[in-house]
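Structure first, commentary second.
Please treat every number below as a calculation from the coordinates, not as lab data. Bear in mind the structure is a predicted one, so any value in this text is a computation, not a measurement. Cβ coordinates were reconstructed from backbone atoms using ideal geometry, including for glycine residues, and neighbour counts include every protein chain displayed.
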Amino acid sequence: MKTLENYAMTILADHGCDCYTYGDMYAKHLLDDLKEEYPDGMEYPYVDVANAIYAISRPRPIVRAPYRVYWDTDNCCDACDCESFEQAKSDAMDIMLEWMSEAQYSWQSETPTQEQAESWDYMIYSCGVAVAKYDPWTDTYDVIWEPNQDELDKIGWTTLLDD
């Protein structure tokens, strides 16, 4: 018969878990998981196995991505993490291209209707992207790049109607 600690480590490994899986959870979740997975009991009492797993568990270290892409529309603001500035900038530009593609999807021709052109211009004025870099001293992301007018013109991010 295995020791309780070895049994607990085997239970974790058999289910693709590691020492971080339960490090941030409440005890009840672990106990519920064990009871659900082993409804007919275990080699040791549930509580003993749960406590053994907790004894070898630890919380995941806090890891921040070095860059983050932020996007903002008139009704949504969100972000995604990136590992490099180049990836973040590329993702930001891809987001804008996707918005453009979605806006043009309903157009019946190359020339939009007045209503479609107004909707397009509203998108141009109200949507934006930015790349931010992580600052570990403040635990914040600070914006380091936004597309300049040349970059916007290059992808066609311009208004259609005269102001």
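Values computed for the structure shown
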{"item": "Verdict on ALA117 being touching a residue at least 24 places away in the same chain (Cβ under 8 Å) and within 22 Å of ASP81 (Cα to Cα)", "result": "no"}
{"item": "In segment 9-47, the residues that are in contact (Cβ under 8 Å) with a residue 24 or more places away in the chain and under 17 Å from PRO59 (Cα atoms)", "result": "MET9, LEU12, CYS19, TYR20, THR21, TYR22, GLY23, ASP24, ALA27, LEU30"}
{"item": "Of all residues making up segment 27-54, the number that are within 30 Å of the chain's Cα centre (by Cα) and not β-branched (Val, Ile, Thr)", "result": "11"}
{"item": "Residue within segment 110-132 that is under 30 Å from ASP24 (Cβ atoms) and not polar (S, T, N, Q) present", "result": "yes"}
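Yes/no per residue for (1) under 24 Å from LEU161 (Cα atoms); (2) in contact (Cβ under 8 Å) with a residue 40 or more places away in the chain:
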position	(1), (2)
SER106	yes, no
PRO112	yes, yes
TYR125	yes, no
ASP135	no, no
